[in-house]
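Readers should treat all values here as calculations from the given coordinates under stated rules, not as data from a laboratory. Source: prediction; values computed, not measured. Note that each Cβ is placed from the backbone with ideal geometry, even for glycine, and that neighbours are counted across all protein chains shown.
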Amino acid sequence: MKVLIDIGHPGHVHYFRNLWKNLSVRNHKFLVIARDREVIAQLLSRYGMDSLNRGVGSDTSFGKIRYMFSADLFMLKAALKFKPDLFLSFSSPYAAQVARLMNKPHLALNDTEHTDKTHKIFTYPFSDVIVTPATYQNDLGKKHIRLDCTIEYFYLHPKYYTPDPSIYELLDITPETKYAIVRFVSWNAFHDVNQHGLSLTQKREIIKLLSQKYRVFISAERELEPEFSKFQIKISPHRMHDALAFASLFVGESGTMASESALLGTPVVYINSLPLMCYLKLEQEHSILKHFSSGDGVFEYLAQIIQNKDLKAQATQNRNLMVQNFINPTDFLGWFIENYPNSKKIMQENPDYQYNFK
């Protein structure tokens, strides 16, 4: 089978890299097309995934529409040469639209409800299957397949990931050092329009507070203000999960990194004006994550919880309870693709079939 995968975000590399490896060994062929972004390129190179560059995209609404046409054309030309049997993406409108033009199935993953309004116009009508976590708060109709897991479990399932303690050496600290990861986002993604997180003043106050208890490392999508540069984490992107796994606390504006931290047993304080997506809501219900829609109240909450010596242990215990019935989504998706379209029929008739993949 030939599969075309579209990558638009660094996280998408992680979603599909184990599937790509498993199916490649079984002689399936892949064409990976990716957005022009340095971190994406670094991750694809790290995992040996050759790709075609579809360009950088745009941060403006008009620019995104214009880019959609150019990306569609680029992908169509590549797909006509590759002749894929199936398209796979994290709800990429480009992959969905080109798949329809070529009369091929498109499998879309999603875990972000507030993007449905856009995807219902540009992606879902051209997709054959939409895969989400079981806790997804919207009903996407007959194409919708729900999995008992979070999307981050594609790469953080214990079969595929074990935290590497050599991260302490890379961070130049000892295993006894307690540290916090702080994450700032750029707020230029399509779904970030009119959204916000921490103000500059709030960032200063939080970093000063955390520094009293922890070694602080900052990860940022954009260039940091000079006053924060000494805190910037300097590790390869593929080691970030190790840094999150051994951290005592995560504080940040990124939903993906917040969820990754929670799945790794690290307590999370998440600041974002967007409503909680299904996976973050699940993690909040299990008392691993605390959500703030703005920076108001974050300092006071942090001042309270950093006094708790059992904070990390409690988060890890709660994580174990949360994932006890999770399936292995990578192995499930491999089966689903290899047996498509019969696999779609099986899941529609018996959704519990997914529990064969744990």
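Rg/Rh, computed from the Cα trace of the range 138-281 with Rh as the Kirkwood radius, has the value 0.99.
Taking the Cβ-Cβ separation of residue 100 and residue 236 as r and a Förster radius of 35 Å, what is the calculated FRET efficiency to the nearest 0.05?
After rounding to 0.05, the efficiency reads 0.40.
Over the residues of the chain, the helix contribution to mean residue ellipticity at 222 nm works out to -11500 deg cm²/dmol, using -39500 (n - 2.57) for each DSSP H run of at least 4. Packing, taken as the mean count of other beta carbons within 10 Å per residue, orders the peptides 39-48, 345-354 from highest to lowest as 39-48, 345-354.
Farthest toward the positive end of the dipole of the range 167-322, out of 314, 254, 293, is the Cα of 314, where the dipole comes from beta carbon charges about the Cα centre. Going by alpha carbons, how many degrees (0 to 90, nearest 10) lie between the helix axis of 61-82 and the longest principal axis of the chain? For helix 61-82, the angle is close to 50 degrees. With a threshold of 29 Å on the Cα-Cα distance, the over-threshold entries among 281/358; 159/312; 77/142; 83/159; 120/358; 230/309 are 77/142; 83/159; 120/358.
Axis angle, to the nearest 10 degrees, between helix 311-322 and the longest C-alpha principal axis of the chain: 30 degrees. Ranked by the mean number of other Cβ atoms within 10 Å of their residues, highest first, the peptides 206-217, 84-95 fall in the order 84-95, 206-217. Stokes-Einstein at 25 °C, 0.890 mPa s, Kirkwood radius from Cα pairs: D for the range 6-103 in µm² s⁻¹? Answer from the Stokes-Einstein relation: 177 µm²/s. Applying Stokes-Einstein at 37 °C and 0.692 mPa s to the Kirkwood radius of the chain, computed over alpha-carbon pairs, gives a translational diffusion coefficient of 155 µm² s⁻¹. Dipole magnitude for the chain: about 840 debye, using +1 per Lys or Arg Cβ and -1 per Asp or Glu Cβ, origin at the Cα centre.
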